[in-house]
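Peer 1: I have a structure here, written as structure tokens, and I will follow up with some questions on it.
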Amino acid sequence: GKELTDVSNLVEEIVGSEVSIRGRVHNHRLVGKKLFVILRQSVSSVQCVVEEARVGTSMFKFVRQLSHESVVELIGVVSLPKKPLTGTTQQVEIHVTKMYCLSRSSLNLPLVVEDAARSEADIEKSVKDGKPAARVLQDTRLNNRPLDLRTPANQATFRIQCHVQIAFREFLLSKGFLEIHTPKLIAGSSEGGSAVFRLDYKGQPACLAQSPQLHKQMAICGDMRRVFEVGPVFRAEDSFTHRHLCEFVGLDVEMEIRMHYSEIMDLVGDLFPFIFTKIEERCPKELESVRKQYPFQSLKFLPQTLRLTFAEGIQMLKEAGEEVDPLGDLNTESERKLGQLVLEKYKTEFYMLHRYPSAVRPFYTMPCEDDSNYSNSFDVFIRGEEIMSGAQRIHDPELLEKRARECGIDVMTISTYIDAFRYGAPPHGGFGVGLERVVMLLCALDNIRKTSLFPRDPKRLAP
Ligand code: 4AD
């Protein structure tokens, strides 16, 4: 048959033409002998008018009985409505001549897409007006994710996510980086600790990679010089928080450096403002869609990314009356508090903190030359929450092995990694970013599950 027209392309310019369109029955309303069907296609919607006189009694009856969310195709003529339309994205309406159902939706919807798309403010207003309003719970949403994904805010979120990846890739390719893929089935834990998914690899103990760390460094040992990867990262930690997943998408970078880990921070300081700017340029409608359901303010960032030392951060917290350990890690509360202090003082919600205490960094982190209590490492924050950690790495195999032992790592499981440094390795470093966290914080969303297509957490393995 005729080619399908996207609902978003139904505009005044084509009034009078006959089109075939596909979409879902968003809802319908019977007025006299006319049936008004709102047809939805992703974030676009159009009003379709079905008249008994035009389509015949049996077709009219058939359309009347279609359940919400059913997938239909129809043929009709693009027309101008008598009054301007408010409930649809498209300003024209379709006078239907034929309609077919491709896939009928069950009548028992576990979640009504219209309800799932409502903002908190909208719900409160309804309640005030004496109309009952359903608040769709997060578990209901996630249990029925294919339905939940149909809301405009969710459609927009994953387009934004896609554009963060595109901008990340675009920037790094322009700086001479090579995109690589490292194995996800590995022999030993890459970040240390117990948070690994263990499995049996043909009789050999193995685990799912907690990061591309070991292999991206070995790629540097293999003279690949500047590499990046976008891939899954697995963490078995029992953190049931708003910002931890058991599987997330890691954006990883590893590069040779000349003198100092500041070269890595220079790259990060340019990369993220590039990403933020591209998102604003390329996704204005998507940002608006998310904002409509979950209001937020645009991220404040400086063209020249702010850098503070960990010690300076501790000092700011102390001056604000917080109790913090100068050689410990910052907890979520302190990170948030510091984020507020930085925003007040420097007017930015994006900044880096560097020279972290060695004790809180992974075994492969290079200690500072002048004081081994500190390390050549950094974290990066958006709105007071960590999105990235990075560092210069130890490239001396003896020191690396010593640090691994001190951190309680079974050196046998990573012997090929340590060996890689025995045949000469340039000074190098890099960083890892959590994609879901970046999108969550860019849009100031309250939970990382909103920015994961099918989230995996300690309690969720389905859908
Ligand atoms: O801080 P992490 O564990 O660092 C690494 O994996 C290093 N190999 C990075 C490097 O190159 N030095 O993880 C890096 C980032 C975090 O900043 C956070 O954004 C994200 O990954 N992340 C998580 N995201 C979702 N759920 C989790 N459980 C996460 N754990 C870390």
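The values are calculated or read from the model by the stated rules, or taken from the named source; none is laboratory data. Remember, it's a predicted structure, so these values are computed and weren't measured experimentally. Note that we place each Cβ from the backbone using ideal geometry, even for glycine, and neighbour counts take in every protein chain shown. To get the accessible areas, we keep the full protein, side chains included, count just its heavy atoms, and leave off ligands, DNA and RNA. Shrake-Rupley method; radii C 1.70, N 1.55, O 1.52, S 1.80 Å.
Peer 1: Return the residue satisfying two criteria in turn: it lies in the stretch 433-444 and is crowded, with 21+ Cβ neighbours inside 10 Å and not in a helix (DSSP H, G or I), and of such residues it is farthest from the ligand (Cβ to nearest atom).
Peer 2: Out of the qualifying residues, it is 443.
Peer 1: Please work out which residue is most open to solvent (accessible area, probe 1.4 Å), limiting yourself to the stretch 323-346 and to residues that are touching a helix residue (DSSP H, G or I) at 6+ places or on another chain (Cβ under 8 Å) and part of a helix (DSSP H, G or I).
Peer 2: Step by step, filter the stretch 323-346, then rank; the result is 345.
Peer 1: Among what's in the stretch 161-182 and is out of contact with any Lys or Arg (no Cβ under 9 Å at 6 or more places or on another chain) and touching a residue at least 60 places away in the same chain (Cβ under 8 Å), pick the residue that is least open to solvent (accessible area, probe 1.4 Å).
Peer 2: Once the filter is applied, the top-ranked residue is 168.
Peer 1: Quick check on residue 409: is it open to solvent by 20 Å² or more (accessible area, probe 1.4 Å), modelled with pLDDT under 95 and among the β-branched types (Val, Ile, Thr)?
Peer 2: Here the answer is yes, as residue 409 does meet what is asked.
Peer 1: Residues being near the ligand (Cβ under 9 Å from one of its atoms), open to solvent by less than 30 Å² (accessible area, probe 1.4 Å) and assigned to a loop (DSSP other than H, G, I, E, B): count how many of those fall in the stretch 240-262.
Peer 2: Matching residues across the stretch 240-262 total 3.
Peer 1: Considering the stretch 113-136 alone, what residues qualify as being open to solvent by less than 60 Å² (accessible area, probe 1.4 Å) and without any contact (Cβ under 8 Å) to a residue 24 or more places away in the chain?
Peer 2: Scanning the stretch 113-136 gives 115, 123, 126, 133, 134.
Peer 1: On to the next question. With the condition kept exactly as written, say whether any residue in the stretch 47-59 is in contact with a Phe, Trp or Tyr (Cβ under 8 Å, 6 or more places away or on another chain) and in a helix (DSSP H, G or I).
Peer 2: Yes, the conditions are met somewhere in the stretch 47-59.
Peer 1: Is one or more of the residues making up the stretch 251-270 under 30 Å from residue 42 (Cβ atoms) and in contact with a helix residue (DSSP H, G or I) (Cβ under 9 Å, 6 or more places away or on another chain)?
Peer 2: Yes: one or more hits.
Peer 1: Return the pairs, sorted by first residue and then second, in which the second residue is within 12 Å of the ligand (Cβ to nearest atom) and open to solvent by less than 10 Å² (accessible area, probe 1.4 Å), the first residue lies in the stretch 208-228 and is at positive phi and part of a helix (DSSP H, G or I), the beta carbons are less than 8 Å apart, and the residues are 6+ apart or on different chains.
Peer 2: Here the result reads none, with nothing in the stretch 208-228 linked to a residue that is within 12 Å of the ligand (Cβ to nearest atom) and open to solvent by less than 10 Å² (accessible area, probe 1.4 Å).
Peer 1: Return the total of residues in the stretch 359-388 being in a strand (DSSP E or B), more than 11 Å from the ligand (Cβ to nearest atom) and touching a residue at least 60 places away in the same chain (Cβ under 8 Å).
Peer 2: Count: 1.
Peer 1: For the stretch 79-95, which positions are out of contact with any Asp or Glu (no Cβ under 8 Å at 6 or more places or on another chain) and part of a strand (DSSP E or B)?
Peer 2: 93, 94, listed by residue number.
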